[in-house]
1. Six or more apart or on different chains, Cβ under 7 Å: which pairs go from a residue in region 62-86 that's within 18 Å of GLU206 (Cβ to Cβ) to one that's loosely packed, with under 15 Cβ neighbours inside 10 Å? Could you list them?
2. Determine, yes or no, whether ILE107 is in contact (Cβ under 8 Å) with a residue 60 or more places away in the chain and not polar (S, T, N, Q).
3. Search region 89-131 for residues being of a type in the set (S, T, N, Q) and under 12 Å from ILE61 (Cα atoms), and hand back the single one that is least open to solvent (accessible area, probe 1.4 Å).
4. Where residues in region 184-207 are more than 19 Å from the chain's Cα centre (by Cα) and among the charged types (D, E, K, R), which of them is nearest to ARG126 (Cα to Cα)?
5. Condition first: of a type in the set (Phe, Trp, Tyr) and surrounded by 14 or more Cβ atoms within 10 Å (Cβ to Cβ). Now tell me which residues in region 132-162 satisfy that.
6. Among the residues of region 106-120, is any of a type in the set (D, E, K, R) and touching a helix residue (DSSP H, G or I) at 6+ places or on another chain (Cβ under 7 Å)?
Amino acid sequence: MGLSNLEFTCRNKKNVVSTPKINANNLVMKIKLLLPILTFLFLSQNFCFSQNTRKQLETEITIEIESKIKGLKEEVEAQQMNPFTKNIYSEFAIDTFKIQYFNRRLIMSLKINTLEHLELIKNKTRQYEKLVEKYYALSKKECDQSERTELITAQTSWENFKNKEFNWFSKRFDGSPLDINYYSEYCEIIRQRVLNLYFYYTDLTEH
């Protein structure tokens, strides 16, 4: 005996497998939990890629610098008349060229943020500080006893000034966007001292 339309519909309803309802709140919670993990993975991959790119670029810049040193040395020494001090002038030119060229090329080639720019300035400052030590030591060797005492006194006074300057602005502006401006000024203080000591050294050597 055939089923009526009503009976057929009722039986079909009983046989339908109910689909579980998706809880929207649970879905949102899962997404919120996954987002930090996905973000971390994305940033980690970008950071590794950025670091590898930077290291590769730094290697390339170093090779470029080495390839230019011979030409720079010849150019500087060709302009000097005194054969006994030619190497002094060329050595200083090479010392400062390495710092300036490396930082200029790196900034021009990379998209760097504020913190990365600040680290570059700090690194450049450390390089100049090494040159301060180098040319201070060279100058002292060329001094007689009285000149050496005066130079030590002058250098000590400069060191005190430099330290006070650094302490003042680092406490006041550490962590602010103004860091770059003040670190740049501080770097210039160090660079200027390199020039002063270099001039002392060449003067003591030539006279």
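The values are calculated or read from the model by the stated rules, or taken from the named source; none is laboratory data. Please read these numbers as outputs of a predicted model, since none were measured by experiment. Here the Cβ positions follow ideal geometry from the backbone for every residue, glycine too, while neighbour counts run over all protein chains shown. Ligands, DNA and RNA are stripped out before the accessible areas are found, and what is left, the full protein with its side chains, is counted by its heavy atoms. Shrake-Rupley method; radii C 1.70, N 1.55, O 1.52, S 1.80 Å.
1. Taking only residues 6 or more apart or on different chains, the pairs are ASN82/GLU206; THR85/GLU206; LYS86/GLN80.
2. Considered against the rule, which asks whether it is in contact (Cβ under 8 Å) with a residue 60 or more places away in the chain and not polar (S, T, N, Q), ILE107 comes out as no.
3. ASN103
4. Ranking the qualifying residues of region 184-207, first place goes to ARG193.
5. Across region 132-162, the qualifying residues are TYR135, TYR136, TRP158.
6. The answer is no; no qualifying residue exists.
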